[in-house]
Amino acid sequence: MFSGTYNAFTMTPIGIVHSPFHEKFGIPRQPGLVPQVKGHIELLPPCNHADCVRGLEAFSHIWVLFLFHNTAGDGWRPTVRPPRLGGRKKVGVFASRSNFRPNPIGQSVVRLDDIDLSGGKVILNISGHDLLDQTPVLDIKPYLGYADCIADSRDGYAQAAPASLEVIFSADALAQCRELERTGSGDVVQLLRALLVQDPRPAFHKRRYPDKTYGMTFGDFDIKFEVSGNTLCVTRVITETGDDKR
Ligand code: SAH
């Protein structure tokens, strides 16, 4: 389809992500870090056809190629400071998974839980993702263990999953979580622990503001937490209506 020089071309999203992450703060920095996170990809016309996903249900994981739409207009620099290096050391943009790139394309391997073809829609239920709500999806491909899993890879400055914090809950926050669990929100404590153990704070905050209160949202949860040293304390978990259901 493309001929001549590849100076510029346009692409149309084939789908859109529906995710409990409505803001960037608090999204895991890579997929697979919080397997409990659930979301879905809705295929858009003309790809919202069962034929487009025929056979895909036999794969446990998919590659999702997407547009970093939330930061696409913010430009890029040849070097970036990965959080992994404490936000101090610079590496080349192509030695990073930063969302500030010349072509703002992201890629994530996510679990494909199932495909729902009801109601004339094509919905791919996914989990363990690191995607903002409303992210435009450019392509989907099956993950192939024999080709994509490199057991003896050399992983530069990212040898293993990042160090994690100890997560505790105040008595109030714990009671609020238990109440949400009682009204059908699943295992809220376990989910928040898995999300927050990743330490959502920007790297420079760890140096400059070692003790600070933070707010983040997840789905309709409004969460407050404090970090002191290596311990993160969840101090409040209410639903966005401001109602803690107590
Ligand atoms: N796994 C992807 C993304 C790594 S960066 C890749 O390697 O390409 C992950 C971060 O991207 C998340 O923590 C979140 O802050 C950010 N992000 C996710 N969806 C985004 C979007 N649509 N626009 C901008 N940033 C996004």
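The values are calculated or read from the model by the stated rules, or taken from the named source; none is laboratory data. Treat the numbers as computed from the prediction; the structure is a model and nothing was measured. All Cβ positions, even for glycine, are placed from backbone atoms using ideal geometry, and neighbour counts span all protein chains on display.
Below, the figures for the structure above:
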read-out	value
Cross-chain or 6+ apart pairs with Cβ under 7 Å, region 46-64 first and more than 17 Å from Val109 (Cβ to Cβ) and at pLDDT 95 or above, then among the acidic types (Asp, Glu) and part of a helix (DSSP H, G or I)	none
Residues that are under 19 Å from Phe66 (Cα atoms) and out of contact with any Phe, Trp or Tyr (no Cβ under 9 Å at 6 or more places or on another chain), drawn from region 1-14	Ala8, Thr10, Met11, Thr12, Ile14
Considering residues of region 78-87 that are more than 13 Å from the ligand (Cβ to nearest atom) and either at pLDDT below 95 or surrounded by 12 or more Cβ atoms within 10 Å (Cβ to Cβ) (or both) only, the residue farthest from Phe21 (Cα to Cα)	Thr79
Pick from region 143-161, criterion out of contact with any His (no Cβ under 8 Å at 6 or more places or on another chain) and within 23 Å of Cys52 (Cα to Cα), ranking: nearest to the ligand (Cβ to nearest atom)	Asp148
Among the residues listed as Val137, Val64, the single one being within 13 Å of the chain's Cα centre (by Cα), closer than 23 Å to His49 by Cβ and in a strand (DSSP E or B)	Val64
Test result for Ile123, touching a helix residue (DSSP H, G or I) at 6+ places or on another chain (Cβ under 9 Å) and more than 14 Å from the ligand (Cβ to nearest atom)	no
Qualifying position, being closer than 30 Å to Arg88 by Cβ and either buried (at least 17 other Cβ atoms within 10 Å of the Cβ) or of a type in the set (Ser, Thr, Tyr) (or both), among Leu195, Leu180, Leu138	Leu195
Residue match in region 163-182 (condition: in contact with a helix residue (DSSP H, G or I) (Cβ under 6 Å, 6 or more places away or on another chain) and free of Cβ contacts under 8 Å to residues at least 60 places away in the same chain)	yes
Some residue of region 162-179 being within 13 Å of the ligand (Cβ to nearest atom) and either part of a loop (DSSP other than H, G, I, E, B) or at pLDDT 95 or above (or both)	yes
Neighbours by Cβ (under 7 Å, 6+ apart or cross-chain): first from region 7-29, without any contact (Cβ under 8 Å) to a residue 60 or more places away in the chain; second in a loop (DSSP other than H, G, I, E, B) and more than 10 Å from the ligand (Cβ to nearest atom)	Phe9/Phe2
The listed residue being hydrophobic (A, V, I, L, M, F, W, C) and surrounded by fewer than 18 Cβ atoms within 10 Å (Cβ to Cβ), out of Phe225, Phe221, Phe169, Phe204	Phe204
Index of the failed condition, Pro102 passing every other in (1) part of a loop (DSSP other than H, G, I, E, B); (2) surrounded by 13 or more Cβ atoms within 10 Å (Cβ to Cβ); (3) free of Cβ contacts under 8 Å to residues at least 60 places away in the same chain	(2)
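Per-residue answers, yes or no, for (1) free of Cβ contacts under 8 Å to residues at least 24 places away in the same chain; (2) outside any loop (DSSP other than H, G, I, E, B):
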residue	(1), (2)
Gly106	no, yes
Leu112	no, yes
Lys141	no, yes
Tyr146	yes, yes
Ser153	yes, no
